[in-house]
Amino acid sequence: MKELKILLILIVIVAIGYWGIEPYAHSVMYGEIKKPDFKYSDLQTTASTTGDPAKGKELFMANCASCHGLKNDGINPGMDKNAAIASFNVVPPDLSNIASIVDHKFLAAFIKNPQEATKNPKFAMPPMAQLSDEDVGHIIAYLSSVAKKDLTGKEITVEACVRCHSIKYQKIQAETPADNLKAYLGKVPPDLSVMGKAKELEYLETFINNPQNGLPGTSMPRLGLTQEATEKVVKYLDEIADPHREQRNKLGVWVLGYLVVMAGLTYAWKKKIWKNLH
């Protein structure tokens, strides 16, 4: 009986160490993690988020297509990739699916004033002051009409992050060269291969929603992703950071079962051998 008590004490100590120390360490490292604001309440925009897709396409061609492509509608950007990198130090994104993954209120505010919406005063895109609030609604309606729905976590991550971030373990290379990213952001953004393991998932969700809440002073712009898109990105980063977790967990159950059986047999053997000495 004494041995069983010792075993139970050891199990409790190990459990506290496994499930208690890591969360405590994260709380010390990150402090209190702010809750994501998926309503983007700080953006006080009057721009519309609805309109006429046909008018929106005309406005897109006149105001956006010089830098941005729209593959879903067969539109190539007026500026080629190398010229864009030379001009902005970053590749302007293709906007085919932007309306599926970015909050429309954020998108409206972003079109009017990218620096304010992203919380990055050095953001490369200029404000589109020539567009009326109604014009913005037409553009968003057009982008919504061509965007694919139900994108996977990988697809959203590529759309939202891969202009600047590589994911080398998945053989995904950043679209913008490292030297240009350093000139644009001040440093080369980290590879995302194991980010889901290096950072707490709650922290990642908050950071993606508003990088300044997770790392004040960071040059990473706010992306404006919807809650659903953010959760899919975090889930994808978690999965690729530890791709063999499920197999390991299944094996762990068998190992623990084996240890329990062996502990029981050892205890029975001990009782049998020593019973005549008590």
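The values are calculated or read from the model by the stated rules, or taken from the named source; none is laboratory data. What you are looking at is a predicted structure, and each value in this text was computed from that prediction instead of being measured. When we count neighbours, we look across all protein chains shown, and the Cβ atoms used for this are built from the backbone with ideal geometry, even at glycine. Accessible surface areas use protein heavy atoms only, side chains included; no ligands, DNA or RNA. Shrake-Rupley method; radii C 1.70, N 1.55, O 1.52, S 1.80 Å.
Could you please find all residues in the range 129-148 being over 27 Å from the mean Cα position of the chain (by Cα) and either of a type in the set (A, V, I, L, M, F, W, C) or in a loop (DSSP other than H, G, I, E, B) (or both)?
Within the range 129-148, ALA129, GLN130, LEU131, SER132 qualify.
Give the residue that is farthest from TYR184 (Cα to Cα), with candidates limited to residues of the range 114-128 that are touching a residue at least 40 places away in the same chain (Cβ under 8 Å), outside any helix (DSSP H, G or I) and not charged (D, E, K, R).
The residue in question is MET128.
Please list, ordered by first then second residue, the pairs with beta carbon atoms under 8 Å, 6 or more apart or interchain, first in the range 237-261 and free of Cβ contacts under 8 Å to residues at least 12 places away in the same chain, second hydroxyl-bearing (Ser, Thr, Tyr) and part of a loop (DSSP other than H, G, I, E, B).
Short answer, once both residue conditions are applied: none.
So the check is Cβ under 7 Å with 6+ separation or different chains; which pairs have a first residue in the range 59-88 that's farther than 15 Å from MET125 by Cα and in a helix (DSSP H, G or I) and a second one that's among the small types (Gly, Ala, Ser) and open to solvent by 50 Å² or more (accessible area, probe 1.4 Å)?
Listed pairs, sorted by first residue: none to list.
Quick grid of which residues meet (1) under 23 Å from GLY217 (Cα atoms); (2) touching a Ser or Thr at 6+ places or on another chain (Cβ under 7 Å); (3) open to solvent by 40 Å² or more (accessible area, probe 1.4 Å):
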position	(1), (2), (3)
ASN76	no, no, yes
ILE85	no, yes, no
PHE88	yes, no, yes
PHE106	yes, no, no
ALA117	yes, no, no
MET128	no, no, no
SER132	no, no, yes
ILE139	no, no, no
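If you check GLU228, GLU175, GLU246, which single one turns out to be surrounded by 11 or more Cβ atoms within 10 Å (Cβ to Cβ), within 25 Å of the chain's Cα centre (by Cα) and not in a loop (DSSP other than H, G, I, E, B)?
GLU228
Could you grab me the full set of residues in the range 148-163 that are open to solvent by 10 Å² or more (accessible area, probe 1.4 Å) and either within 24 Å of ASP73 (Cβ to Cβ) or at pLDDT below 95 (or both)? Walk me through how you get there before you give the answer.
Of all residues in the range 148-163, those open to solvent by 10 Å² or more (accessible area, probe 1.4 Å) come to 148-155, 158-161, 163.
Residues satisfying the conditions are LYS148, LYS149, ASP150, LEU151, THR152, LYS154, GLU155, VAL158, GLU159, ALA160, CYS161, ARG163.
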